[in-house]
Amino acid sequence: MLALLFRLGTEHFALDLAGLTAILPNSRIRPIPHAPAEICGEFNWRGRMVPEFDQAVFSMQPGQVSDLV
């Protein structure tokens, strides 16, 4: 099993990468006016606008940044 390990605050998580479709390079994130707090913005991927989500909001730790291990 291949997994992505990351940390949110003091908690550690792993995601199974079996269903991974693509690894995207850092992209310019455009803000979305009036979007909910969990949506950071959107980016263009192959001509489609894709929302970027802030996982810290979902974990109830706003303002903390996840670190890749």
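The values are calculated or read from the model by the stated rules, or taken from the named source; none is laboratory data. Note that this is a predicted model, so its numbers are computed, not measured. A quick note on method: Cβ atoms are made from the backbone with ideal geometry, for glycine too, and the neighbour counts reach across all protein chains shown. Areas reflect the complete protein model, heavy atoms only, side chains present, ligands, DNA and RNA absent. Shrake-Rupley method; radii C 1.70, N 1.55, O 1.52, S 1.80 Å.
Structure above, values below:
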| read-out | value |
| --- | --- |
| Matching residues, the stretch 13-30, being open to solvent by 60 Å² or more (accessible area, probe 1.4 Å), out of contact with any Cys (no Cβ under 8 Å at 6 or more places or on another chain) and in a loop (DSSP other than H, G, I, E, B) | 18, 19, 20, 21, 23, 24, 25, 26, 28 |
| Of the criteria (1) open to solvent by 100 Å² or more (accessible area, probe 1.4 Å); (2) under 14 Å from the mean Cα position of the chain (by Cα); (3) modelled with pLDDT of 90 or more, which one residue 42 fails | (1) |
| Qualifying positions in the stretch 31-59 - on the phi > 0 side of the Ramachandran plot, charged (D, E, K, R) and not in a loop (DSSP other than H, G, I, E, B) | none |
| Subset of the stretch 45-69 that is closer than 14 Å to residue 13 by Cα and open to solvent by 50 Å² or more (accessible area, probe 1.4 Å) - its residue that is modelled with the lowest pLDDT | 69 |
| Within the stretch 7-33, considering residues that are farther than 17 Å from residue 52 by Cα and in contact (Cβ under 8 Å) with a residue 40 or more places away in the chain, the one nearest to the chain's Cα centre (by Cα) | 7 |
